[in-house]
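Below is one structure, written out as structure tokens, with a few remarks after it.
What follows is calculated from the coordinates using simple rules that are stated; it is not laboratory data. Owing to the predicted nature of the structure, the values given are computational and were not obtained by experimental measurement. For neighbour counting, all protein chains shown are included, and Cβ atoms are generated from backbone atoms with ideal geometry for every residue, glycine included.
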Amino acid sequence: MQGRKTKVLVVDDSLLFRETLAKGIAKDASIEVVGTAADPFEARDKILEFEPDVMTLDVEMPKMNGIEFLRRLMPQYPIPVVVVSAVDGVVFDALDAGAVDFVAKPDYKAGRSVDLVINELILKVKIASTAKVNHFKINIEDKKVVNSSSFGKRNKLIVIGASTGGTEAIDSILKSLPKEMPGMLIVQHMPPVFTKLYADRLNNSCALEVREAKNRDKVEQGTVLIAPGDQHMRIKRISNDYYVECFKGEKVNGHCPSVDVLFESVAPYADKNFIGIILTGMGADGARGLLAMRLKGARTIGQDEKTSIVYGMPKVAYTIGAVEKQSALENIPSLIYSMVAGR
């Protein structure tokens, strides 16, 4: 017996693009487009009328932009939202306002056809339909750590992997960490170009230096390297130092960059001075690599179900025994402190 279809509301001020998206995603047998809207006020009425499971939302619209609409909507009527936007840092404002994920609009110069966008949107709508959005807003108090300048000597590396919901989870963790932290490497499933925008955004909001990784970048204390959106990232040790290799490759677990590629490259060097962290996201990417790290003695953390937007990647990692400590997102920074301090 076929399961219930996911009801979707498509919101975009362009009639042509709105209808193109609606017809495109409706071709998937598991999706039913219950309505379309040209602006937030029409969308509000359609939400009340049709009670959609997921809404796709343009950012630039008349009367009220998508960001302001999200900020007003989510506290009153939490609904999983996938933003459809041009390549712009504004998507991170949308994620901060409560959107689950985003899809970049067609760009033929960049090889992004309408069909490609529709296929991505179908996948992300399906993921969003499983997301929890009765949002917890996490307030992490500023924490002061004694002798934090010794962090870099005591721990060699912290690695983090995340997917859906991860942009905000990573942001909340990094904002609470001091600049003296060991070098950190992050794989967040995200398209090209957006990873640079994301790294710049993080760099402006936390004490650490955050940048998109480049091939042969050295892993250094106080620096966070984000894997480029279309390249895998792994580490290599030369003498007593670690460097990253960024390279094009086939998708692993459906992703490039892949969390497993990073974690599995870390495993041969791992000991108690390494920390692996797996956060919210759909699928199983990172679970196998995190287990390999733990078996070599690394400390490992998994985000818990309650605070995960999508409890997929952390669940698989926990189930196979890769997670030493499972934790609510707001407690992960203090766990990192403890592990860095050798406790």
- [ ] Post the alpha-carbon centroid distance, the range 312-343 to the range 198-243, in whole angstrom.
- [x] 21
Task: Calculated Rg and Dmax of the Cα atoms in Å (choose from (1) 20.2, 64; (2) 19.1, 59; (3) 21.1, 69), label - done: (1)
TODO: State which stretch of the chain is the longest one without any exposed GluC sites (Glu not before Pro), exposure meaning a DSSP loop state and at most 12 other Cβ atoms within 10 Å.
DONE: 1-140
TODO: Taking the chain as the reference, fit the longest principal axis to its C-alpha atoms, fit the long axis of helix 194-203 to the helix C-alpha atoms, and give the angle between the two in degrees, 0 to 90, nearest 10.
DONE: 60
- [ ] Answer rounded, prolate or oblate for the range 148-340, using the Cα gyration tensor with square roots of eigenvalues a ≥ b ≥ c: rounded when a/c is under 1.5, else prolate when a/b is larger than b/c, else oblate.
- [x] rounded
- [ ] Take D93, D101 and order them by how many other Cβ atoms sit within 10 Å, fewest up front.
- [x] D93, D101
Task: Cα lying deepest toward the dipole's positive end in the chain, options C256, I122, F50, charges on Cβ - done: C256
Task: Ascending count of other beta-carbon atoms within 10 Å, so fewest first, for I67, I332 - done: I67, I332
Task: Dipole axis of the chain (+1 Lys, Arg; -1 Asp, Glu on Cβ), positive-most option in A341, M181, A207 - done: A341
- [ ] With +1 on each Lys and Arg Cβ and -1 on each Asp and Glu Cβ, and nothing else charged, work out how big the dipole of the range 6-128 is about its Cα centre, in Debye to the nearest 20.
- [x] 160
Task: DSSP-defined beta bridges in the range 6-128 - what % are antiparallel, rounded to 5 - done: 5
TODO: Report, to the nearest 10°, how far helix 66-76 tilts away from the longest principal axis of the Cα atoms in the chain, using its own Cα long axis and a range of 0 to 90°.
DONE: 90
Open item on the list: Show me the trypsin sites (Lys or Arg not before Pro) within the range 1-50 that DSSP assigns to loop and that have at most 12 other Cβ atoms within 10 Å of their Cβ.
Closed with: R4, K27
Task: Sum of -39500 (n - 2.57) over DSSP H runs of 4+, divided by residues of the chain (222 nm, nearest 500) - done: -9500 deg cm²/dmol
TODO: Could you list K214, K132, K179 in order of exposure, starting from the residue whose Cβ has the fewest other Cβ atoms within 10 Å?
DONE: K214, K179, K132
TODO: Quick one: work out the % antiparallel among DSSP beta bridges in the range 148-340, nearest 5.
DONE: 25
Open item on the list: Take I320 and K236, extend 7 Å from each Cα along the Cα→Cβ direction, and tell me the distance between the two endpoints in nm.
Closed with: 2.6
Open item on the list: Nothing charged except the Cβ atoms of Lys and Arg (+1) and of Asp and Glu (-1): what's the magnitude of the dipole of the chain about its Cα centre? Round to the nearest 20 debye.
Closed with: 1300
TODO: Report, to the nearest 10°, how far helix 40-50 tilts away from the longest principal axis of the Cα atoms in the chain, using its own Cα long axis and a range of 0 to 90°.
DONE: 80
